[in-house]
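The values are calculated or read from the model by the stated rules, or taken from the named source; none is laboratory data. All figures in this text were calculated on a predicted structure; none of them were measured in a lab. Here the Cβ positions follow ideal geometry from the backbone for every residue, glycine too, while neighbour counts run over all protein chains shown.
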Amino acid sequence: MAGWGSGRGGDDGVQGGLGKRRRQGGLGQRRRRRWRRPGRAGEAAAAATAVSRPIYLLTASKVTKESLKQLDKQRHRFLWAGTGDITGGKCKVNWTKTCLPTSQGGLGVLNLEKFTRALRLRWLWHEWKDPNKPWVGLDTPCDEIDKDLFAASTKITVGDGNMTRFWDSTWIDGRRPKDLMPLVYAISKNRKKSLHQGKEDDTWVDDLIFDAGSTITVNLVEQLVRLWEAVRNVQLVSEEPDQIVWKFTGNGHYTASSAYHAQCLEAPSTNLNSLIWKAWAPGKCKFYVWLIIQNRVWTSDRLAIRGWQNNGHCPLCRCEAETGLHLVATCRYTKRIWHHVAGWVGYHQLEPSQWEEAQSVCQWWESLANTPNIPKKGLRSLILLVVWEIWKERNRRIFDNKEMAVGLLLAKIKEEASVWALAGAKRLRDFVPRIV
């Protein structure tokens, strides 16, 4: 893997730490001749950092899809290929999945389309909260989808009706009249009135245009009656302003973060946040585990499917086919390591003989990480450490033609645990009190 630095983190390039933030600065720094890649985990952070500069521009303007596509192309290439050319073999996980929040199985890289939309909702929020701003009443960069999202994300309590839009606000049981009565909305000539203006003397009726040649359908009449009743039943309270509440925060105020995550609610939630991302471990370890849990590392079984050169068997036990699950859970070498680790930490529940049978890496990981009567945070850091060191041993045998006996690798795990503890893994240090 030329160009990946001197360390051997794996054939997936999962190596190198996050590095310092200053090394993830501008794009110009990334193009320097002697710049050292920070590893995939660092690149994920850098991909997010690269977006921070144009945030204000993204808030103030409606960015074209082509521009977002070009930005995504650069981020996609940088994450998976660094300064090299991007190819299908380098893209371990599809971009849509990569851009999901970590709580939903993604890497947490921003989805730019959703992010820019979340930023633009700030305009609609300030129209309500600060109507004296000089730009209120002018055109904003918000499109219809932005307005639909804003309506779905807010709850309105009607007061005097001056801020509530007659057609565009959710004042009828949390729904907008334009959505409930689309046929009536289609023939209205003034769609910018407030609820107060529309209700006063029933001026909303005066705004309806009935062409001589148009047909008045039963559905139109039904919608007219429903809207008439809704307007009649709403009670306006003079000198009491309308109130708006943002649904996705505890204090009811809009934030760009909550607006962004509200757009990701359709994706199912996972427990990877607690199992991986919130556990203390270097970013490179978490990134590798994120890949192997999705079966996206180049083990022999996946290489064989593509017709690529591979060993055909596990380099650790040399007797079974190598898969992700075999590597982390069922390999004889791996089980021997865990047998000694269980004795070292003093928890017999971690003995491989005590494990539940698993059909996937994710299932095995979840079961082991939730072993009863063991401190969860320390255990999860330990699992990350052991699996990471086993992965490095696997790559050492393939690429360097070197190998460690079980005792030597166990000593290395203990040594690395000490380093992690000194670096800030407090739960791991408490979990394994013999670490110095």
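Figures for the structure shown
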{"quantity": "Any hit, the stretch 409-430, residues being without any contact (Cβ under 8 Å) to a residue 40 or more places away in the chain, within 19 Å of Ala279 (Cα to Cα), assigned by TED's automatic domain parsing to the domain that holds Lys284 and β-branched (Val, Ile, Thr)", "calculated": "yes"}
{"quantity": "Selection within the stretch 418-436 - closer than 9 Å to Ser381 by Cβ, touching a Leu at 6+ places or on another chain (Cβ under 7 Å) and at pLDDT below 95", "calculated": "Leu428, Phe431"}
{"quantity": "Cβ-Cβ under 6 Å pairs, at least 6 apart or on other chains, the stretch 111-127 side on the phi < 0 side of the Ramachandran plot and touching a residue at least 60 places away in the same chain (Cβ under 8 Å), far side part of a helix (DSSP H, G or I) and among the aromatic types (Phe, Trp, Tyr)", "calculated": "Lys114/Tyr260; Phe115/Tyr260; Ala118/Tyr260; Leu121/Phe150"}
{"quantity": "Residue match in the stretch 303-314 (condition: out of contact with any Leu (no Cβ under 8 Å at 6 or more places or on another chain) and surrounded by 18 or more Cβ atoms within 10 Å (Cβ to Cβ))", "calculated": "no"}
{"quantity": "Complete set of residues in the stretch 138-169 that are touching an Asp or Glu at 6+ places or on another chain (Cβ under 9 Å) and without any contact (Cβ under 8 Å) to a residue 24 or more places away in the chain", "calculated": "Thr140, Lys147, Asp148"}
{"quantity": "Flag for Ser300 being without any contact (Cβ under 8 Å) to a residue 24 or more places away in the chain and hydroxyl-bearing (Ser, Thr, Tyr)", "calculated": "yes"}
{"quantity": "Filtered residue count, the stretch 342-351, keeping only those that are buried (at least 17 other Cβ atoms within 10 Å of the Cβ) and assigned to a helix (DSSP H, G or I)", "calculated": "3"}
{"quantity": "Enumeration of residues in the stretch 359-414 that are of a type in the set (Ser, Thr, Tyr) and surrounded by fewer than 16 Cβ atoms within 10 Å (Cβ to Cβ)", "calculated": "Ser360, Ser367"}
{"quantity": "Subset of the stretch 300-333 (residues that are among the β-branched types (Val, Ile, Thr) and in contact with a helix residue (DSSP H, G or I) (Cβ under 6 Å, 6 or more places away or on another chain))", "calculated": "Thr323, Val328"}
{"quantity": "Wholly within the stretch 243-341, helices (runs of 4 or more DSSP H) carrying at least 3 residues that are closer than 13 Å to Trp391 by Cβ, in contact with a Lys or Arg (Cβ under 8 Å, 6 or more places away or on another chain) and in the same structural domain as Gln363 (by TED's automatic domain parsing)", "calculated": "283-293"}
{"quantity": "Residues that are modelled with pLDDT of 95 or more and among the charged types (D, E, K, R), drawn from the stretch 200-231", "calculated": "Glu222, Arg226, Glu229"}
{"quantity": "Residue list for the stretch 415-436, filter: surrounded by fewer than 16 Cβ atoms within 10 Å (Cβ to Cβ) and of a type in the set (Lys, Arg)", "calculated": "Lys426, Arg434"}
{"quantity": "Hits in the stretch 305-338 (condition: within 31 Å of the chain's Cα centre (by Cα) and more than 14 Å from Ser360 (Cβ to Cβ))", "calculated": "Ile305, Arg306, Glu322"}
{"quantity": "Test: residue in the stretch 387-399 that is among the basic types (Lys, Arg), in the same structural domain as Leu325 (by TED's automatic domain parsing) and not in a helix (DSSP H, G or I)", "calculated": "no"}
{"quantity": "Answer from Leu71, Leu119, Leu138, Leu107 - the residue that is in a helix (DSSP H, G or I) and either modelled with pLDDT under 90 or touching a Phe, Trp or Tyr at 6+ places or on another chain (Cβ under 8 Å) (or both)", "calculated": "Leu71"}
{"quantity": "Within the stretch 92-123, tally of residues that are under 24 Å from Leu303 (Cα atoms) and of a type in the set (Ser, Thr, Tyr)", "calculated": "2"}
{"quantity": "Cβ pairs under 6 Å, 6+ apart, first in the stretch 347-362 and at negative phi, second part of a loop (DSSP other than H, G, I, E, B)", "calculated": "Tyr347/Ile374; Gln349/Thr371"}
